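Note sheet for the following structure.
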Amino acid sequence: MQHHILSAIYIIASVLFIVGLKMMGNPKSARKGNLISAAGMTAAIAGTIFLHEGEISSIIYILIFLAILIGTVIGWLTAKRVQMTKIPELVSMFNGMGGACAALISLIEFHHLFPLHPAEGIYTEVSSVSTGTLVCIISGLVIGSVSFAGSIIAFLKLNGTLEKPVRLPRYNYINLVILAFVVGVSIQLFFTGHVAVIYTLLTLALLYGVLLVLPIGGADMPVVISLLNSFTGVAAAFGGFLYDNHVMLTGGILVGSAGTLLTIVMCKAMNRPIMQVIFGAFGTHASASAATAKGNVKDISVADTAALMNYSRKVTIIPGYGLAVAQAQHAIHELQTILEDHGVEVKYAIHPVAGRMPGHMNVLLAEANVDYDKLSEMDDINPEFPNTDVVFVVGANDVVNPAAKTDPSSPIYGMPILEAENARNIIINKRSMNAGYAGIDNLLFYNPKTSMLFGDAKSVITKLVTELKQM
Amino acid sequence: MIYFVILSIFVGIEVIGGVPTVLHTPLMSGANAIHGVVIVGAIFVMLNTSPDDYISLTLGFFAVLLGTLNVVGGFVVTDRMLEMFKKK
């Protein structure tokens, strides 16, 4: 009886996941959608614990509740306290935890099938274990471990701990060799259920995850996070196969396919083939072409910028990650308000990959209470630039780099950009002339219409606001 | 089972298709929380472990803990992001 109730709960939970995810596709219902998915998850977890049939010793219940309690407290506090600029790191970290969970399940199942200290005379024969079970265990272990190790490396990279893309010579070949070993050792498990073999497989898979993400850098990171996200989904789905558990299966596959689609959408927004993201990196062979085109750079003072903006009809702000790092979201909102008070039309132009993830910039501006309707997407705003008096680029580099359109040798060639160069005046706020996230020089800085406003985004914008107040 | 998988794949694609860029980050984070459903497997495996199998119990304890982190952290941070979108 309990078994049937649990099945019903799993079906309800699966439906809640689907409904919740669907509602998250619309800004109005998104928050409710997230809560609906969470309700589905709570039901699935509670059902699994309380509707389990058979005698369970209390120590196991204590361990489960203790683990859930600790996980809840840590997860809740981290999620509540994290700065909005650190969201990509956090998503990556939580993803890694899910991957690790999937890998651990496989390890335990393996120990159950092949006990370390088998009772006298009852050694488990590999041939007595079904091929399907073994395939699920191996897949869950390998995919989960790759996802875990990769996510941790991604976390460290976004975090700034691992700053430079590390590239071993011929790393693609090294990775292929490791992958071949992973396959080889997996096959060996079909012949011997030895513990050493599964731990070798675990080590190899972890190593593969590390080496897969290590050389990837710059603007490609969000694609990797999304990809690893769908990996963990697939790992969870293999758990679903293993236990014939429908809620794990739907949840996992749902995230697996949705994640894959998100990855593809992101790659399209940057015009980067997925293969190139994984097997090639930004900023390694770019310097040669950009160096030739340098020209003069013109400075502008805060006072002149304020005057220029004040007597403009239309100002468009292009925010980038630099704005977020400087915690200048609130200052930019103040700038927008005061300009509007002075009769200037202000808009924000948002590139699909502004920030560290697609849509990340929208989250950051939303944090500063910037009105939703003020944000224009790339395709809507691009035709408006010729009628824009001032474009104010704050901490953005690659998304306004004309090389994407003009320089076929540039690594970002073909990526759709915000066509800031068409505006009448371009003011770029940066701390220095250093190259942006993708590590490539920006021709826009040398445009005769461009003026550079050097300084930390927050202090510069605050000064601009003060100047404007006196006008 | 295969029927189930193929259906889920299509539902996943259908659900995500045509979502505005604005919501990509919360969506990724929300999807991230959903794959935390792997914790159901972790709990299940704990319930089927004998109380004197210390290695499995230790591994299982960490599996449940990490799975909970994934689930709770994922949903809470997504909610925080979406809460900000609501303010007008």
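The values are calculated or read from the model by the stated rules, or taken from the named source; none is laboratory data. These figures come from a predicted structure and were not determined experimentally. Positions of Cβ are generated from backbone atoms using ideal geometry, with glycine treated the same way; all protein chains shown enter the neighbour counts. The protein model used for the area step is the full one, side chains on, heavy atoms only, and it has no ligands, DNA or RNA in it. Shrake-Rupley method; radii C 1.70, N 1.55, O 1.52, S 1.80 Å.
Remarks
- Only one of B:Leu82, B:Leu65, B:Leu27 that is of a type in the set (A, V, I, L, M, F, W, C), free of Cβ contacts under 8 Å to residues at least 12 places away in the same chain and open to solvent by less than 10 Å² (accessible area, probe 1.4 Å): B:Leu27
- In the range A:73-101, the residues that are under 26 Å from A:Gly239 (Cα atoms) and within 7 Å of another protein chain (Cβ to nearest Cβ) reach residues that are open to solvent by 10 Å² or more (accessible area, probe 1.4 Å) and modelled with pLDDT under 95 with C-beta atoms within less than 6 angstrom, at least six apart or across chains, in these pairs: A:Leu90/A:Val82.
- One residue alone among A:Met361, A:Met357 is open to solvent by less than 10 Å² (accessible area, probe 1.4 Å), outside the structural domain of A:Lys28 (by the TED database), farther than 24 Å from A:Glu467 by Cβ and not in a helix (DSSP H, G or I), and that residue is A:Met357.
- When residues of the range A:333-348 are limited to those that are in a helix (DSSP H, G or I) and under 13 Å from A:Leu468 (Cα atoms), the one most open to solvent (accessible area, probe 1.4 Å): A:Asp341
- Qualifying residue in the range B:25-37 (condition: more than 18 Å from A:Leu227 (Cβ to Cβ), in a helix (DSSP H, G or I) and more than 7 Å from every other protein chain (Cβ to nearest Cβ)): no
- Residue match in the range A:52-59 (condition: within 8 Å of another protein chain (Cβ to nearest Cβ), surrounded by 13 or more Cβ atoms within 10 Å (Cβ to Cβ) and in a helix (DSSP H, G or I)): no
- One residue alone among A:Thr337, A:Thr388, A:Thr305, A:Thr406 is without any contact (Cβ under 8 Å) to a residue 24 or more places away in the chain and among the polar types (S, T, N, Q), and that residue is A:Thr337.
- In the range B:42-88, the qualifying residues are those that are among the hydroxyl-bearing types (Ser, Thr, Tyr) and in a helix (DSSP H, G or I), and the one that is farthest from A:Gly54 (Cα to Cα) is B:Thr78.
- Residue that is nearest to A:Ile143 (Cα to Cα) [pool: residues in the range A:182-191 that are out of contact with any Phe, Trp or Tyr (no Cβ under 9 Å at 6 or more places or on another chain) and outside any helix (DSSP H, G or I)]: A:Phe190
- Taking the range A:227-248 as the range and being polar (S, T, N, Q) and without any contact (Cβ under 8 Å) to a residue 60 or more places away in the chain as the test, only A:Ser230 passes.
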